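Q: Quick one: structure below, then a few questions.
Every number in this text was worked out from the coordinates using simple rules, so none of it is lab data. Since we're looking at a predicted model, the values are computed, not measured. All Cβ positions, glycine included, derive from the backbone under ideal geometry; neighbour counts span all protein chains shown.
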Amino acid sequence: MWHGVTALDVPAPDRFDWFVETISTSLMPSAFSAPDPAAFHAEGALLDLGPAQLSRFAFSPLHSRRTPALIRRGDPEQYQLGLVTRGAAWYAQGAGEAELRAGDMVLWDTSRPYESRSGLDGAGVEALVLQIPKARMPLAGRQAERLLARRVEGGAGMGAVLAQFLVAVAGNGPGVRPQDLGRLGGVAVELATTCLIEQLGAEAEPPTAVRTHVLLRSIDAFIEQNLADPGLTPRAIAEHHHISLRRLYTLFQEHAADTCGEGVAASIRRRRLERCRADLACPRLRRHPVHTIGARWGFPNAAAFSRAFRAAYGTTPQAYRASAARAEPSGRR
């Protein structure tokens with residue numbers, strides 16, 4: 001699902017100009033300078049998540065700025081939240097200024113001038129950028145203004161949850177089903193909003209109901225992204241979200257409407273079986289053995305997979321595949 005570009009596909013003398021054009025088109029018009037344009041290297045990729053967009057970049061040391069003239073030339077009217085995953089960077093916007101290391105995040109407003117330097121240690125930088133349209137940001141403008149160019153630690157609190165989520169989405173981007181992209185985008189916006197509210201302090205603490213809703217959405221997205229992992233268990237989910245196993249079970253019990261009335265393990269099993277059933281009916285996967293499809297979605301034991309499939313759908317995986325094949329139009333077989 002990533003739409004990727006890399007400077008390796010561009011002649012070396014043109015790579016810096018290519019990067020300037022790519023960033024100005026995909027993020028916003030900006031001015032750049034590099035210590036050594038001739039040796040410049042960069043690559044990037046974009047993932048459209050519906051309510052938001054996630055961009056992934058890796059590039060050589062760089063100085064960038066956005067002036068009033070560049071804002072007039074083009075403004076996507078977004079809040080952009082950057083997560084540094086390697087290297088070091090510095091950002092300044094309005095009254096804010098932040099020096100960032102790997103794991104740190106920073107928020108900026110595309111409608112305001114800003115300046116940044118990346119590669120402070122002389123090495124390149126890798127970063128993820130979550131682009132949120134202002135119309136979809138629940139925070140009031142005056143609240144967001146207080147957070148611009150302020151370091152957000154990605155190793156604690158909601159910052160850790162958000163950072164882990166963005167890294168997970170970026171890592172699993174190629175395997176995300178198109179119908180799930182919008183849901184992941186909604187979760188990303190909610191997690192980002194909750195993280196930013198936490199930064200505003202106790203007076204802006206979101207209500208318990210909001211925090212619980214965001215937690216459930218995060219758990220739901222985590223399950224979707226890790227269905228293929230046989231190690232996806234209720235305990236693994238609880239540990240990833242820094243809650244107790246009992247708390248996880250209670251969440252599913254108290255919010256039956258949000259969890260389809262299922263327990264944690266039942267939800268994992270149902271979703272895995274749904275993926276298996278879809279793959280068994282897919283003509284392109286007809287040559288894949290049934291047990292391979294089961295293992296692909298977290299059922300490493302073929303006998304256990306067959307029993308679970310029969311219990312859910314009243315037929316064996318082999319019989320379901322044969323039935324789906326017979327139901328196909330003759331031209332597609």
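Q: List the residues of segment 283-314 whose backbone N lies under 16 Å from a point placed 7 Å from the Cα of Ser323 along the Cα-to-Cβ direction.
A: 306-314
Q: Here's something else I'd like to know. Subtracting the Cα-Cα distance from 0.36 nm times the residue separation, let me have the gained length for His63 to Ala123 in nm, one decimal.
A: Difference between extended and current length: 20.3 nm.
Q: I would also like to ask the following. Got a sec? How would Trp108, Trp18 order by Cβ neighbour count within 10 Å, fewest to most?
A: Ranked by crowding around the Cβ, least crowded first: Trp18, Trp108.
Q: Give the Kirkwood hydrodynamic radius (Å, one decimal) of segment 56-149, defined as one over the mean of 1/r across all pairs of different Cα atoms.
A: With all distinct Cα pairs of segment 56-149 included, I get 13.5 Å.
Q: Another question, if that's okay. How far is helix 208-225 tilted off the main Cα axis of the chain, in degrees rounded to 10, range 0 to 90?
A: Roughly 70 degrees between the two axes.
Q: Calculate how steeply helix 264-280 sits against the longest principal axis of the alpha-carbon atoms of the chain, using the helix alpha-carbon long axis, and give the answer as 0 to 90 degrees to the nearest 10.
A: 80
Q: What's the ranking of 126-135, 189-198, 62-71, 246-255 by average number of surrounding C-beta atoms within 10 Å, highest first?
A: 189-198, 126-135, 62-71, 246-255
Q: Next question. Over the chain, what is the relative contact order in whole percent, taking alpha-carbon pairs under 8 Å and six or more residues apart?
A: 12
Q: Still on this structure, I have one more. Tell me what the chain gives for mean residue ellipticity at 222 nm when only DSSP H runs of n ≥ 4 count, each as -39,500 (n - 2.57), the sum divided by the residue total, rounded to 500 deg cm²/dmol.
A: About -13500 deg cm²/dmol.
Q: Evaluate Rg over Rh across the chain, taking Cα atoms for both radii and Kirkwood's formula for Rh.
A: My calculation puts Rg/Rh at 1.03.
Q: Can I ask one more? Within a Cβ distance under 14 Å of Ala170, other residues only, what is the Lys/Arg minus Asp/Glu net charge?
A: Value of the local net charge: -1.
Q: Just check segment 231-306 against the gyration tensor rule for me: Cα atoms, a ≥ b ≥ c as the square roots of the eigenvalues, rounded for a/c under 1.5, and otherwise prolate or oblate depending on whether a/b exceeds b/c.
A: prolate
Q: For Ile243 and Ala266 in one chain, what is 0.36 nm times their gap in residues minus the Cα-Cα distance, to one decimal in nm?
A: 6.3 nm
Q: Would you work out which of Ala168, Pro138, Gly124 lies farthest towards the positive end of the dipole of the chain? Charges go on Cβ: Lys and Arg +1, Asp and Glu -1.
A: Positive-end residue among those listed: Ala168.
Q: Now a separate question. With springs only between Cα atoms under 10 Å apart, run a GNM on the chain and tell me which of Ala303, Ala45, Ala188 wobbles the most.
A: Highest fluctuation of the listed residues: Ala303.
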